[in-house]
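The values are calculated or read from the model by the stated rules, or taken from the named source; none is laboratory data. These numbers were taken from a predicted model, which means no experiment stands behind them. Reconstructed Cβ throughout: ideal geometry from the backbone, glycine too, with neighbour counts over all protein chains shown.
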Amino acid sequence: MKVSLFQRATVACLYLFLLAPILLTMAMSFSNDPVIAFPPEEWGANAYVAIFGNEQFIATFGVSFVIAVSVVLLCAVTGLPAGYAIAFSRFPGRDVVLAVLTAPLLLPTIVVGLGILLLFVKLKLIATYLGLVVGHSIIALPYMVRIVVTAYKNLPVALSEAAATLGASPTQVALRVQLPLIRPAVLASSAIVFLVSFDEVVISLFLVGPRLTTLPVEVFRYVDLRADPQVAALSVILVTLSVLIVLILERTVGLARALR
């Protein structure tokens, strides 16, 4: 099918519209002005130098990274068995379980955050690593469950039946046949869970405290007090890290194949 010049121009305009905020942010990150402005009056990389000297940004980056990795592990431990059970088991209320696990995708994040806050106050999990990990897992788990369930349902039944015919137990079939086959989906969902947790700000606002905060919350508070090019430079760094994760996933397993 031949693509017309009008269609190409339309797609190009659409890409430009979607990428415009990122391109403007990149331009403003190379400003030496005291406040964010476009176009900058003085170009330079002072903002990037200042970021690596900002102890609060560096400390909260470490906190967010540790929490995101912990959320990936927790979602993998809970999401893989849940996805397997939903995909292969025929128990009463299976659709209800799937709906409950994926409900945070449909509810407003602020509503979920308020509910988590009311519960965690009683459990004394506010401003703790455990509270942040569990809170982030609540909104990140649906992504892993959805992708894993789809991957399990698309597995060739003949392979599992052949392994069972050769004497493999159900556990061996699940761990040595089915799990390796859905490895791309596990990697893709883990990357998505990591990014969702690392970038989460609404849930974190309900759960952080004066002694424990995450990078998105720190940026939110920073922008509330000042608006200098450091914020733009940090945004460019975070976008670059996200793109690198996606590129690594694409190069290793193929992003489209993993999501299928």
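For segment 75-90, the criterion of being of a type in the set (Lys, Arg) and assigned to a helix (DSSP H, G or I) is met by none of the residues. Annotation note: of 163, 168, 191, 174, the sole residue that is farther than 25 Å from residue 101 by Cβ and crowded, with 18+ Cβ neighbours inside 10 Å is 163. Only a single criterion out of (1) over 24 Å from residue 195 (Cβ atoms); (2) without any contact (Cβ under 8 Å) to a residue 60 or more places away in the chain is not satisfied by residue 46, namely (2). Across segment 197-212, the qualifying residues are those that are out of contact with any Phe, Trp or Tyr (no Cβ under 8 Å at 6 or more places or on another chain) and either free of Cβ contacts under 8 Å to residues at least 24 places away in the same chain or among the small types (Gly, Ala, Ser) (or both), and the one among them that is surrounded by the most Cβ atoms within 10 Å (Cβ to Cβ) is 197. Residue pairs whose Cβ atoms lie under 9 Å apart, separated by 6 or more positions or on different chains, with the first residue in segment 127-155 and on the phi > 0 side of the Ramachandran plot and the second not in a helix (DSSP H, G or I), are 127/208; 127/209; 127/210; 127/211; 127/212; 127/213. Of all residues in segment 213-260, exactly one satisfies the criterion of being modelled with pLDDT of 85 or more, under 24 Å from residue 26 (Cα atoms) and outside any helix (DSSP H, G or I), namely 214.
Does at least one position in segment 18-31 carry a residue that is in contact with a strand residue (DSSP E or B) (Cβ under 8 Å, 6 or more places away or on another chain), over 14 Å from residue 236 (Cβ atoms) and touching a residue at least 40 places away in the same chain (Cβ under 8 Å)? No - not one qualifying residue is present in segment 18-31. Six or more apart or on different chains, Cβ atoms under 7 Å: show the pairs whose first residue is in segment 156-176 and at pLDDT 80 or above and whose second is hydroxyl-bearing (Ser, Thr, Tyr). Every condition considered, the pairs that remain are 173/160; 174/84.
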